[in-house]
Amino acid sequence: KGHDEKIGVFTTRPDTIFGVTFMTLAPEHELVAKLTTPKQKDAVEAYIEKTAKRSERERMADVKTISGVFTGAYAEHPFTKEPVAIWIGDYVLAGYGTGAVMAVPCGDQRDYDFANHFAGQEGMTPIVNIFKNVDISEEAFADKEKTIITNSDFLNDLPYKKAMKLAIYKLEEQGSGQGQTNYRLRDAVFSRQRYWGEPFPVYYKNGIPQMIEEKHLPITLPEVEKYLPTEEGEPPLGRADVWAWNTETAQVVSNDLVNSDTVFPLELNTMPGWAGSSWYFFRYMEKAMRNETFASKDAMNYWQEVDLYIGGSEHATGHLLYARFWTKFLYDIKAVPVKEFAKKLINQGMILGTSAFVYRKEETNVFISKNLIGDENVQPIHADVSMVNASSELDLEAFKAWRPEFKDAEFILEDNKYIVGHEVEKMSKSKYNVVNPDDICAQYGADTLRLYEMFLGPLEQAKPWNTAGITGVHSFLKKLWKLYHNGENFEVTDAEPNKESLKTLHKTIKKVEEDIENFSFNTSVSTFMIAVNELSSQKCNSRVILEPLAVLISPYAPHIAEELWEKLGHSTSIATAEFPKFEEKHLVESSKAYPISFNGKMRFTMELPSDLSKDDIEKAVMAHEKTAGYLDGRTPKKVIVVPGKIVNIVG
């Protein structure tokens with residue numbers, strides 16, 4: 001409005017164009033200075049100066065701070081011709097897209113947060129009106145494909161996909177914009193600038209790649225001086241002196257013989273790691289090396305697919321995708337009898353890190369301890385977790401020495417301590433929250449690390465790491481060790497175990513066996529803890545119990561189990577031992593502890609055989625001396641017996 005300039009905007013949802021309530025430009029946008037009104041000039045310039053102190057990386061990472069300024073200018077909506085307020089905000093980056101966004105608060109969280117933050121100010125549509133262009137019925141949210149556009153002029157009552165096409169057509173028709181098809185393709189980066197990898201059977205004739213015939217394969221890697229790219233930026237194979245192809249002799253020859261007639265340069269890139277990893281599992285199915293085929297029909301017909309594939313979710317587009325492509329291709333050329341390489345897929349959850357935050361007072365180098373932050377505007381900054389102790393106290397000297405800009409930092413402390421804030425995020429070097437497993441192994445041992453990782457939660461869920469919690473698992477392993485020892489002396493006897501110890505062992509075998517089949521490793525660790533506590537209280541040191549227990553825990557804590565196995569007198573590895581067999585008979589209850597109540601109030605318990613009849617239970621209870629004491633000579637009106645549950649005497 002009042003200018004000749006146009007602001008270009010890129011959007012993937014042109015169907016929401018009638019939901020635009022304001023625009024946001026990056027503070028660095030070239031039109032900001034031209035558009036800003038005199039009234040808003042000072043505020044805009046101050047904001048731009050403040051934003052210039054933050055890097056784009058900081059602005060992208062900061063999803064909590066909301067800041068911006070109204071320019072005083074208005075754009076004209078391409079369809080309604082209504083004024084649209086133009087703001088600037090640092091959540092929009094000049095180098096991303098066009099450096100401007102059409103803000104649709106009803107469809108975008110950051111736009112909504114921005115509108116909500118500045119609600120009531122000049123240039124901001126009242127927050128109560130921002131949902132006018134969206135169907136918020138349960139049906140619409142249940143199925144996005146059925147979402148119907150509302151309050152949007154010529155897009156009214158259209159499903160969103162049709163509305164998108166019509167909006168693009170109308171914008172193109174009036175010259176206000178044009179449609180564009182964007183393709184998202186994950187680059188396989190199949191050729192790699194590295195040395196280790198299968199060479200491509202390709203040579204170049206006049207710059208055109210030519211394939212070497214299959215009968216001349218394989219091509220073996222040549223010797224190179226060092227496995228690094230050349231000074232000119234070529235892959236390591238650019239250092240090879242003998243890496244040219246003689247088409248007459250079908251041999252690899254010296255580079256000096258290249259004549260572009262019969263001798264040509266070979267491809268310098270090699271295949272990536274996932275070239276081989278997309279099919280090697282079929283080769284594993286062979287009993288012996290065969291050169292004529294990578295997977296014989298006999299082997300493939302016997303083994304079929306891999307039974308289980310476990311990998312992180314990042315494998316989906318790094319390995320799994322290509323392994324499936326390769327398998328389908330191999331199936332199409334009848335090299336394998338299966339379309340999928342694995343029967344079952346499990347994506348293990350990511351272990352999250354606990355980040356530490358310090359709080360810098362804006363435009364200063366003063367850091368305020370977490371619990372002292374009041375109305376001040378502070379900027380949360382990641383601090384390296386290695387500088388924070390278990391009580392969330394920051395090592396101030398280490399922090400000042402960490403980065404040059406913090407050398408002269410000042411701190412506002414609480415009780416002479418700087419307390420950091422915490423947040424659970426993805427473990428990442430950029431968030432300084434990575435825990436080095438080598439350090440954990442050095443301090444607590446590898447078995448503690450293994451058990452703790454499994455104990456964190458279900459295999460497929462993301463789990464937050466908390467180093468403070470690892471001590472509990474470490475204490476459990478110490479208790480397990482003590483079960484086999486009397487002080488410093490190893491003490492396991494050949495004495496027959498009691499019924500309670502047999503019950504503890506066999507319920508543990510049953511639960512762990514079920515957990516392994518269901519990949520519920522976290523509940524197995526809990527089961528081991530319960531078993532060790534029970535056996536410790538039973539003072540069990542019987543070989544009949546402790547030997548199978550060591551085998552049972554060996555897949556979870558192999559190092560301590562192996563040591564115990566050797567102390568138990570075995571010369572072979574515990575890995576070769578037979579898995580303990582569950583026996584149901586040890587879980588059959590021979591007696592039951594009955595709560596005995598008088599007029600609904602439980603007074604004492606009685607241990608009675610499980611096979612007693614109602615009459616026998618009543619006789620046994622009435623004959624008990626405590627019953628006589630509570631009745632004090634009175635005859636009860638009624639005795640209620642629920643076998644296996646409770647006895648209630650009504651006086």
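Any read-out appearing in this document is the output of simple, stated calculations on the displayed coordinates, not a laboratory observation. The structure presented is a predicted model; accordingly, all values stated were derived computationally and were not measured. Here Cβ is always computed from backbone atoms with ideal geometry, including for glycine, and neighbour counts include all displayed protein chains.
Using r as the Cβ-Cβ distance of E82 and S55, and R0 as 45 Å, what FRET efficiency do you calculate, to the nearest 0.05?
0.80
7 Å from Cα along Cα→Cβ at both K64 and K417: what's the point-to-point distance in nm?
Simple spin-label model gives 2.0 nm for this pair.
Hey, for a label at Q210 modelled as a point 7 Å past Cα toward Cβ, could you say which residues of region 237-251 have their backbone N under 20 Å away?
Within reach of a label on Q210, which here means backbone N under 20 Å from a point 7 Å along Cα→Cβ, region 237-251 contributes 242-251.
Here is the link list: K482/K503; K53/K417; K503/K638; K479/K581; K479/K499. Which ones come out longer than 30 Å on Cα distance?
K503/K638
Considering only DSSP beta bridges where both residues belong to the chain, give the percentage that are antiparallel (nearest 5).
Antiparallel: roughly 75 percent of the beta bridges in the chain.
Please report L477, L394 as a ranked list, fewest other C-beta atoms within 10 angstrom at the top and most at the bottom.
Ranked by crowding around the Cβ, least crowded first: L477, L394.
Once amide H atoms are built 1.01 Å from N in the peptide plane, which residues 5 or more positions from A103, or in another chain, come under 5 Å H to H?
Residues meeting the amide H criterion: T21, F22, M23, T24.
Could you work out the helix-only [θ] at 222 nm for the chain, with each DSSP H run of four or more residues adding -39,500 (n - 2.57) and the total divided by the number of residues, to the nearest 500 deg cm²/dmol?
-8500 deg cm²/dmol, from helical runs alone.
Would you work out which of Q178, S152, Y204 lies farthest towards the positive end of the dipole of the chain? Charges go on Cβ: Lys and Arg +1, Asp and Glu -1.
Farthest along the dipole direction, towards plus: S152.
Taking 41 Å as R0, compute the FRET efficiency from the Cβ-Cβ separation of N371 and W481 and round it to 0.05.
Computed FRET efficiency for N371 and W481 comes out at 0.50.
Taking the Cα-to-Cβ direction at T37 and at K361 and moving 7 Å from each Cα, how far apart do the two end points lie in nm?
3.5 nm
Using Cα pairs under 8 angstrom and six or more residues apart, how large is the relative contact order of region 14-173, in percent?
28 percent
List the residues, sorted by chain then number, that are 5 or more residues from K426 or on another chain and whose placed amide H is less than 5 Å from its amide H.
Close amide H contacts, sequence-distant or interchain: G353.
Return the FRET efficiency for the residue pair F490, S610: r is the Cβ-Cβ distance, R0 is 35 Å, and the value is rounded to the nearest 0.05.
The calculated FRET efficiency here is 0.35.
List the trypsin sites (Lys or Arg not before Pro) within region 507-592 that fall in a DSSP loop (any state other than H, G, I, E or B) and whose Cβ has at most 15 other Cβ atoms within 10 Å.
Loop-located and lightly packed - K539, K581.
In nanometres, what is the gap between the two model label sites at V642 and Y284, each 7 Å from Cα along Cα-to-Cβ?
5.3 nm
Dipole size in debye (nearest 20) for the chain around its Cα centre, Lys and Arg Cβ +1, Asp and Glu Cβ -1?
2020 debye
Mind sorting out which of (1) 220; (2) 346; (3) 201 is the real volume of the Cα convex hull per residue in Å³ computed from the coordinates?
Step by step, volume of the Cα convex hull per residue in Å³ for this structure corresponds to label (2).
Considering only DSSP states other than H, G, I, E and B, which GluC sites (Glu not before Pro) in region 581-651 qualify as loop sites with at most 10 other Cβ atoms within 10 Å?
Those satisfying the criteria are E589.
With θ set to phi - 60° and the Karplus curve 6.51 cos²θ - 1.76 cosθ + 1.60, what are the ³J(HN,Hα) couplings of region 338-351 in order, to the nearest whole Hz, using x for Gly and Pro?
In residue order, the calculated couplings are 10, 8, 10, 7, 9, 7, 9, 10, 10, 9, 5, x, 7, 8 Hz.
With an 8 Å Cα cut-off and a minimum separation of 6 or more residues, compute the relative contact order for the chain in percent.
That works out to 6 percent.
At most 16 other Cβ atoms within 10 Å and a DSSP loop assignment: could you name the chymotrypsin sites (Phe, Trp or Tyr not before Pro) in region 511-583 that fit?
F519
Hey, can you grab everything whose amide H is under 5 Å from the amide H of R194? Only 5+ residues off in sequence or another chain; H modelled, so Pro and N-termini drop out.
It is T270, by chain and number.
Using the Karplus curve 6.51 cos²θ - 1.76 cosθ + 1.60 with θ = phi - 60°, what ³J(HN,Hα) values do you get for each residue of region 536-541, in whole Hz, with x for Gly and Pro?
Working through the residues one at a time gives 5, 5, 7, 6, 7, 9 Hz.
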